[in-house]
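The values are calculated or read from the model by the stated rules, or taken from the named source; none is laboratory data. What you are looking at is a predicted structure, and each value in this text was computed from that prediction instead of being measured. Heads up, the Cβs are rebuilt from the backbone with ideal geometry, glycines too, and the neighbour counts pull from every protein chain shown. Protein only, heavy atoms only, side chains kept; ligands, DNA and RNA dropped before computing areas. Shrake-Rupley method; radii C 1.70, N 1.55, O 1.52, S 1.80 Å.
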Amino acid sequence: MDMEFTPEEIAFRDEVRTFLDENLTERLRAGTRQTPGVFAEPDIGLEWHRILNDKGWVAYHWPVEYGGTDWTHTQRYIFEKECALAGAPGVSAIALRLLGPVLCEFGSPEQKEYFLPRIRSGEDYWAQGYSEPGSGSDLASLKTSARLDGDKYIINGSKIWTTHAHHSNWIFCLVRTNPDVKKQAGISFLLVPLDQPGITISPIMSMSGDHEVNQVFFDSAETDAKYLVGEEGQGWTIAKYLLENERGGSCSAPRLIAQIESLKLLGDTVPSGTNGAMSHSQEHANRLAKLKLRAEALEVTELRILAELAKGRQPGPQTSLIKLLASNLGQDIDEFRTDLLGYDALQLPMDRPLYGNDAPEPVGIAESQTAMGKYLNSRASTIYGGSNEVQKNIIAKTVLGL
């Protein structure tokens with residue numbers, strides 16, 4: 001495998017770096033650094049979203065006819081890597097990476113014409129209605145029902161762990177439209193407006209003090225029949241397509257490498273109490289080096305997947321390996337940060353956001369204020385998007401043949 005970029009790819013990388021230098025403000029970078037949650041707050045996330053949209057880069061992985069960029073897989077990786085290294089906030093992956101490709105593939109012409117431009121502009125903010133109480137890993141057992149009544153579906157049930165539903169005006173849901181067939185065959189994919197009397201959004205506060213997820217209750221909520229994506233009973237096929245976009249083709253290593261680099265800089269400033277800065281400690285240096293080696297090995301695996309995609313091949317079980325390794329490495333990085341900052345890392349302010357003029361004053365340096373929140377939030381990374389146990393089962397079956 002050729003690990004070198006072509007001259008054209010290097011020129012593209014330089015173009016991305018120039019764009020980031022000119023458009024990624026220090027306010028956005030600081031907001032990203034001081035966000036302990038998994039997702040960017042909408043104020044900085046949407047600001048960056050609209051900057052990318054003005055450039056024509058926000059939906060870079062969509063087909064060109066729907067506003068995509070026609071970038072190669074390598075260009076996509078370069079773009080994501082440079083954004084991660086520069087400290088850019090994340091944009092809403094729920095709309096751009098999950099729903100957008102689904103509509104491009106399965107949506108009606110009317111759905112594409114209406115929703116895709118509103119996703120690109122950021123006018124619509126979307127939540128994902130998949131998991132339910134008792135239906136997480138076993139998603140096919142979901143119970144939320146949708147009954148066709150004239151030209152509307154009547155929806156009853158609930159969805160849980162719905163990220164940013166309290167900021168959203170739409171939600172896409174897997175619902176059961178036929179209870180009398182095999183459970184996978186009775187599921188459909190619906191688009192539902194959230195601003196209506198039949199919907200209640202109940203916050204779920206994390207241990208870190210972040211409000212990112214919610215439970216959404218549907219009590220005879222309604223949506224037009226024209227917002228059924230695909231056909232009735234096609235929801236399971238669409239769900240699998242969506243999850244492939246969620247779990248595959250990601251760029252995890254550069255983000256982790258950037259976090260490790262921040263730990264290196266932090267070690268140069270935090271006193272050891274015995275011999276200057278913490279970075280002078282051999283134990284600190286060894287621990288940092290091990291994390292960096294793991295991140296670089298992960299990046300090689302991602303580049304191998306990139307090479308397979310460039311040849312038109314499917315990535316296969318390596319995506320499960322990346323999810324497994326990246327989740328555990330991220331947790332170890334956050335644990336190292338709390339150890340490095342010592343007692344100052346124990347602070348856990350409930351105010352949000354932790355950036356801007358109204359942010360509370362930190363105890364010690366700014367990184368101390370978010371360290372515990374990041375540590376607590378990353379504990380969930382080995383559960384969401386496919387738990388460690390699920391990924392290990394996939395690897396055992398597809399790689400080891402067990």
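Using the structure shown, select from Lys264/Lys374; Lys81/Lys112; Lys112/Lys143; Lys159/Lys392; Lys264/Lys292 the pairs with a Cα to Cα distance greater than 19 angstrom. In this structure, Lys81/Lys112; Lys112/Lys143; Lys159/Lys392 lie more than 19 Å apart at Cα. Put simply, the amide H of Ile171, placed in the peptide plane, has neighbours under 5 Å in Ala127, Val192, Leu194, leaving out anything fewer than 5 places away on its chain. In terms of overall dimensions, the C-alpha atoms belonging to the range 9-163 reach 54, 37, 26 Å along their principal axes, ordered largest to smallest. Of all aspartates and glutamates in the structure, the ones whose alpha carbon falls short of 19 Å from that of Lys183, not counting any fewer than 8 places away in one chain, are Glu132, Asp138, Glu231, Glu232.
Our coupling estimate for the range 372-382, obtained by passing each phi through the Karplus curve with A = 6.51, B = -1.76, C = 1.60 and θ = phi - 60°, is 5, x, 5, 4, 5, 5, 6, 4, 7, 5, 8 Hz, Gly and Pro reported as x. Between Ala277 and Ser272, the built amide H atoms are under 5 Å apart, and every one of these is 5 or more places off in sequence or on another chain. Per-residue Karplus couplings for the range 80-85, computed as 6.51 cos²θ - 1.76 cosθ + 1.60 with θ equal to phi - 60°, are listed in order as 5, 5, 5, 5, 5, 5 Hz, Gly and Pro entered as x. Modelled label positions at Lys392 and Glu283, each set 7 Å beyond Cα in the direction of Cβ, lie 2.8 nm from each other. Each peptide in 13-19, 260-266, 85-91 was scored by the mean count of other Cβ atoms within 10 Å over its residues; highest first, the order is 85-91, 260-266, 13-19.
Roll a 1.4 angstrom probe over the protein heavy atoms and tell me the percent of accessible area of the range 263-317 that is carbon or sulfur.
That fraction is 54 percent.
Between Lys152 and Ala225, the built amide H atoms are under 5 Å apart, and every one of these is 5 or more places off in sequence or on another chain.
Can you compute the helix-only [θ] at 222 nm over the chain? Use -39500 (n - 2.57) per DSSP H run of at least 4 residues, normalise by all residues, nearest 500 deg cm²/dmol.
-14500 deg cm²/dmol
Taking the chain as a Gaussian network of alpha-carbon nodes connected by springs under 10 Å, the highest mean-square fluctuation of the residues Tyr153, Tyr130, Tyr114 belongs to Tyr114.
Distance between the pseudo-spin-label points of Ala310 and Gln184 (7 Å out from Cα toward the beta carbon): 3.4 nm. Extension gain for the segment Asp219 to Glu22, taken as residue separation times 0.36 nm less the Cα-Cα distance, is 66.1 nm to one decimal.
Per residue, how many Å² of accessible area does the chain show with a 1.4 Å probe?
On a per-residue basis, 49 Å².
Each residue of the range 108-121 is assigned a 3J(HN,Hα), and the resulting list reads 6, x, 5, 5, 4, 5, 7, 7, 4, x, 6, 5, 4, 6 Hz, derived from the Karplus form 6.51 cos²θ - 1.76 cosθ + 1.60 (θ = phi - 60°), x at Gly and Pro. Extending 7 Å from the Cα toward the beta-carbon at both Ile204 and Arg50 defines two label points whose distance is 3.1 nm.
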